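The values are calculated or read from the model by the stated rules, or taken from the named source; none is laboratory data. Please read all numbers here as calculations on a predicted model, not as lab measurements. Neighbour counts are summed over all protein chains in view; Cβ atoms, including those assigned to glycine, are modelled from backbone coordinates with ideal geometry.
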Amino acid sequence: RSIQHEDGEKHDRLTIHDYLWRWDTDWFWCSRAFGAQNPRIRRWWPRRFRRSSFYWKLIGYDQRFDIADRIEIRNGRPPRERVVQDVEVPIERTADFVQWFLDNVPIEPIWLCPLRLREDRNWPLYPIPPNHTYVNIGFWSSVPIGPEEGYTNKMIERKVSELDGHKSLYSDAFYSPEEFDELYGGEIYPTVKKAYDPDSRFLDLYAKAVRRQ
């Protein structure tokens, strides 16, 4: 609604309920994966199950038993690669990324949200320059598998790096250790690790984010 205003500063108002649930309203962001954006299916899908906590349970079952891939194969289609990512690209490169994405990745719609670090200090393990506008670009779906594991995700990673962007590490990642260190504060992380986990009782960030250990 905000972008529909005329020129000049305007204000929108949300109820507290809408504000608290603005990121998970009726599970809009990934309901398509289970057909729940189809009005006929959505009408019969219990409202209490339209939330991301239930979604992650379904994803867990799918990863454990390969349910989605089995359905695709049974219908004569190839298995699919999950492409669930949020990336940040400098605003001046955003149009380049969006055009490339629409030309190469069959996922729509995509989410665009500007952001900026307002303090002078940045985040050492997620280095984005302060006082420079980036655009968060989110896309959450799946595509037919490519010639290698993670083909589309790797392609996106390369393009984001080419445009001086970053991607959030909640999603599948395929960086080499060298690429990961360059992008995610590799020169600072050992100091943090030594200070808070001197005996290495926990896995390091690369093992968790990329190797999924």
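Structure summary
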| quantity | calculated |
| --- | --- |
| Scope the stretch 91-122; condition touching a Leu at 6+ places or on another chain (Cβ under 9 Å) and within 18 Å of VAL160 (Cβ to Cβ); matching residues | ARG93, THR94, ASP96, PHE97, VAL98, TRP100, ILE110 |
| Residue that is under 30 Å from ASP66 (Cα atoms), among the hydrophobic types (A, V, I, L, M, F, W, C), out of contact with any Cys (no Cβ under 6 Å at 6 or more places or on another chain) and in contact (Cβ under 8 Å) with a residue 40 or more places away in the chain, where the choices are ILE156, ILE110 | ILE156 |
| Qualifying residue in the stretch 116-129 (condition: modelled with pLDDT of 85 or more, among the β-branched types (Val, Ile, Thr), assigned to a helix (DSSP H, G or I) and surrounded by 11 or more Cβ atoms within 10 Å (Cβ to Cβ)) | no |
| Residues of the stretch 22-49 that turn out to be part of a loop (DSSP other than H, G, I, E, B) and either at pLDDT below 80 or farther than 21 Å from GLU108 by Cβ (or both), as a count | 13 |
| Pairs with Cβ under 7 Å, 6+ apart, first in the stretch 135-148 and free of Cβ contacts under 8 Å to residues at least 60 places away in the same chain and under 16 Å from LEU115 (Cβ atoms), second buried (at least 18 other Cβ atoms within 10 Å of the Cβ) and of a type in the set (S, T, N, Q) | VAL135/THR94 |
| Hits in the stretch 145-173 - residues which are touching a strand residue (DSSP E or B) at 6+ places or on another chain (Cβ under 6 Å), within 19 Å of ARG32 (Cβ to Cβ) and not polar (S, T, N, Q) | ILE145 |
| Candidate set: the stretch 184-213, residues that are of a type in the set (A, V, I, L, M) and out of contact with any Phe, Trp or Tyr (no Cβ under 7 Å at 6 or more places or on another chain); chosen: the one surrounded by the fewest Cβ atoms within 10 Å (Cβ to Cβ) | ALA195 |
| Scope the stretch 130-142; condition touching a helix residue (DSSP H, G or I) at 6+ places or on another chain (Cβ under 9 Å), crowded, with 16+ Cβ neighbours inside 10 Å and not small (Gly, Ala, Ser); matching residues | TYR134, VAL135, ILE137, PHE139, TRP140 |
| Test for TRP123: is it touching a Cys at 6+ places or on another chain (Cβ under 9 Å) and among the hydrophobic types (A, V, I, L, M, F, W, C) | no |
| ALA68 being surrounded by fewer than 17 Cβ atoms within 10 Å (Cβ to Cβ) and over 14 Å from the mean Cα position of the chain (by Cα) | no |
| Of all residues in the stretch 131-153 being in a loop (DSSP other than H, G, I, E, B) and in contact with a Lys or Arg (Cβ under 7 Å, 6 or more places away or on another chain), the one that is modelled with the lowest pLDDT | ASN131 |
| Exclusive hit being at pLDDT below 85, assigned to a helix (DSSP H, G or I) and touching a Phe, Trp or Tyr at 6+ places or on another chain (Cβ under 9 Å), set TYR55, TYR19 | TYR55 |
| Cβ pairs under 6 Å, 6+ apart, first in the stretch 69-92 and in a helix (DSSP H, G or I), second loosely packed, with under 15 Cβ neighbours inside 10 Å | ASP69/PRO79; GLU72/PRO79; ILE91/THR133 |
